[in-house]
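What follows is a short report on a single structure.
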Amino acid sequence: MLSPKVEAACADISALRVQGARKIAEAAVKAMAAQAKESDARTLDGFKSDLLVAADALAKARPTEPMLQNSLRFIFAELERRKPKAVAAARKAIASDEKALLKRFDDNAEKIAGYGAQLVPEKGVVVTHCHSHTVVGAIRRAQEQGKDPVVFCTETRPRFQGLITARELASSGVDVTLVVDSAARTVMRKADLVLVGADSITSTGDLVNKVGTAGIAAVAFDMDVEFYSCAELYKFDPLTVFGRATEMEVRDPREIADPYLLPGVRIANYSFDKTDAKFISGFVTEKGVVSPHGLFNLASREFGLG
Ligand code: RUB
């Protein structure tokens, strides 16, 4: 039996009512705990199969999200490790995994905010794209430390998540300006730093993030502006080590335009793009700032790949 809370979480995640990789992973972890609590299975096998159905639905809600997938893997790996003998013990194990994962996400966000804030110049210009809770945390921390950055947020078509970033930073007293996506090159002339989030990081240190990130990174590289991605190690996609190509989400065309008003026109709503490691100055992780290749070493240890 699929818990209504899992169904609701899937709907919220796919509709972007919950957005940003970390919040998506948090929602999925909470939904798994709800599934464990509400499952009416009487046998361990039945209980695990309920969990698998829930995990499958959650993973499919946003396919380009290793943080969500890694969290689900952690829950199943812990279940295997603990080897509960009965449903009640398994249920208890999932509840403690939920607590552990949510605490880990919060602790990591705190650490990344600290490391990210160090990169923000005293009075310099920062460019952001889309809405990353992690990036907002880093800029807010810099502001709290007495720095006074000037931030340019791209609006991030088609769902305008850049407006969330702009609103959140403005509410913390940050000097923030919203620009259209195509103004990225124009504002880069003034910029000292680009800070973006991450949905997925590959074994070669490439970054998958909201569509438009790759273009911004190339422009920053061209103009000698440092480009960093704020990302916990759980954004690493371990399957890319084995040669799997990262799945890129393509969303509903109606997010861009009404197809009925454009007869004969195909509309392709690419939601993510891949930024080559060569354009990335570094990743701001919970273990500190590392180069794209350094990230692979850290993540290998984290995922036991070494
Ligand atoms: C959000 C996005 C963010 C990453 C990281 O896209 O691309 O940069 O998810 O976010 P969407 P966070 O709005 O489509 O989910 O730092 O919050 O994990």
Give the residues of segment 62-86 that are among the small types (G, A, S) and within 14 Å of the chain's Cα centre (by Cα), sorted by residue number. S71
Has segment 171-193 got at least one residue that is within 16 Å of the ligand (Cβ to nearest atom) and of a type in the set (K, R)? no
Are any of the residues in segment 144-166 free of Cβ contacts under 8 Å to residues at least 60 places away in the same chain, part of a helix (DSSP H, G or I), closer than 24 Å to A15 by Cα and not hydrophobic (A, V, I, L, M, F, W, C)? yes
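Please tell me if G215 is at pLDDT 95 or above, out of contact with any His (no Cβ under 8 Å at 6 or more places or on another chain) and part of a loop (DSSP other than H, G, I, E, B).
Numbers: at pLDDT 95 or above: yes; out of contact with any His (no Cβ under 8 Å at 6 or more places or on another chain): yes; part of a loop (DSSP other than H, G, I, E, B): no.
When the stated conditions are applied, G215 does not pass them.
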Which ones in segment 185-206 are open to solvent by less than 40 Å² (accessible area, probe 1.4 Å) and either part of a loop (DSSP other than H, G, I, E, B) or farther than 27 Å from E144 by Cβ (or both)? A191, G197, A198, D199, S200, I201, T202, S203, G205, D206
Looking at segment 11-26, which of the residues that are part of a helix (DSSP H, G or I) and over 13 Å from E65 (Cα atoms) is nearest to the ligand (Cβ to nearest atom)? D12
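Taking V250 as the residue in question, decide whether it is free of Cβ contacts under 8 Å to residues at least 24 places away in the same chain, within 20 Å of the chain's Cα centre (by Cα) and open to solvent by 50 Å² or more (accessible area, probe 1.4 Å). So that I can check it myself, show each step before the final result.
Values: free of Cβ contacts under 8 Å to residues at least 24 places away in the same chain: yes; within 20 Å of the chain's Cα centre (by Cα): yes; open to solvent by 50 Å² or more (accessible area, probe 1.4 Å): yes.
For V250, the condition - free of Cβ contacts under 8 Å to residues at least 24 places away in the same chain, within 20 Å of the chain's Cα centre (by Cα) and open to solvent by 50 Å² or more (accessible area, probe 1.4 Å) - is met.
Find the residue count for segment 47-61, including only residues that are over 22 Å from the mean Cα position of the chain (by Cα) and either among the aromatic types (F, W, Y) or open to solvent by 30 Å² or more (accessible area, probe 1.4 Å) (or both). Before the answer, list the steps.
Applying the first criterion (over 22 Å from the mean Cα position of the chain (by Cα)) to segment 47-61 yields 47-53.
The next check asks that each one be either among the aromatic types (F, W, Y) or open to solvent by 30 Å² or more (accessible area, probe 1.4 Å) (or both); those that pass are 47-49, 52-53.
Here the count works out to 5.
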Only one of E122, E110 that is assigned to a helix (DSSP H, G or I) and of a type outside the set (A, V, I, L, M): E110
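Filtering segment 154-169 down to residues that are open to solvent by 30 Å² or more (accessible area, probe 1.4 Å) and within 11 Å of V136 (Cα to Cα), which residue is nearest to the ligand (Cβ to nearest atom)? I'd like the intermediate steps shown before the answer.
So in segment 154-169, the residues open to solvent by 30 Å² or more (accessible area, probe 1.4 Å) come out as 155, 157, 159-160, 163-164, 167-168.
Keeping just the survivors that are within 11 Å of V136 (Cα to Cα) gives 164, 167-168.
Details: I164: 8, R167: 14, E168: 11 Å.
Per the criteria, the residue is I164.
For segment 73-129, which positions are among the acidic types (D, E) and open to solvent by less than 90 Å² (accessible area, probe 1.4 Å)? Can you show your working first?
First, the residues of segment 73-129 that are among the acidic types (D, E): 78, 80, 97-98, 106-107, 110, 122.
Matches in segment 73-129: E78, D97, E98, D106, D107.
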Checking Y260 against (1) farther than 20 Å from R189 by Cβ; (2) touching a Lys or Arg at 6+ places or on another chain (Cβ under 9 Å), only one condition comes out false. Which one? (2)
If I go through segment 256-305 residue by residue, how many of them are among the hydrophobic types (A, V, I, L, M, F, W, C), out of contact with any helix residue (DSSP H, G or I) (no Cβ under 9 Å at 6 or more places or on another chain) and without any contact (Cβ under 8 Å) to a residue 24 or more places away in the chain? 3
Residue check, T177 against (1) among the β-branched types (V, I, T); (2) under 30 Å from A245 (Cβ atoms); (3) outside any helix (DSSP H, G or I), all met but one. Which one? (2)
When E144 is evaluated against the numbered criteria (1) within 22 Å of the chain's Cα centre (by Cα); (2) closer than 28 Å to A25 by Cβ, which criterion, by number, is the only one it fails? (1)
Give the residue, chosen from A89, A57, A95, A77, that is under 23 Å from N209 (Cα atoms) and among the small types (G, A, S). A57
Answer from V53, V29 - the residue that is in a helix (DSSP H, G or I), of a type in the set (V, I, T) and within 17 Å of K92 (Cα to Cα): V29
Say we look at segment 218-247 and pick out the residues that are assigned to a loop (DSSP other than H, G, I, E, B), open to solvent by 60 Å² or more (accessible area, probe 1.4 Å) and at pLDDT below 95; which of these is nearest to the ligand (Cβ to nearest atom)? E247
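The values are calculated or read from the model by the stated rules, or taken from the named source; none is laboratory data. Here the structure is a predicted model, which is why all the values come from computation and not from measurement. For neighbour counting, all protein chains shown are included, and Cβ atoms are generated from backbone atoms with ideal geometry for every residue, glycine included. Just the protein is used for accessible areas: all its heavy atoms, side chains included, with ligands, DNA and RNA removed. Shrake-Rupley method; radii C 1.70, N 1.55, O 1.52, S 1.80 Å.
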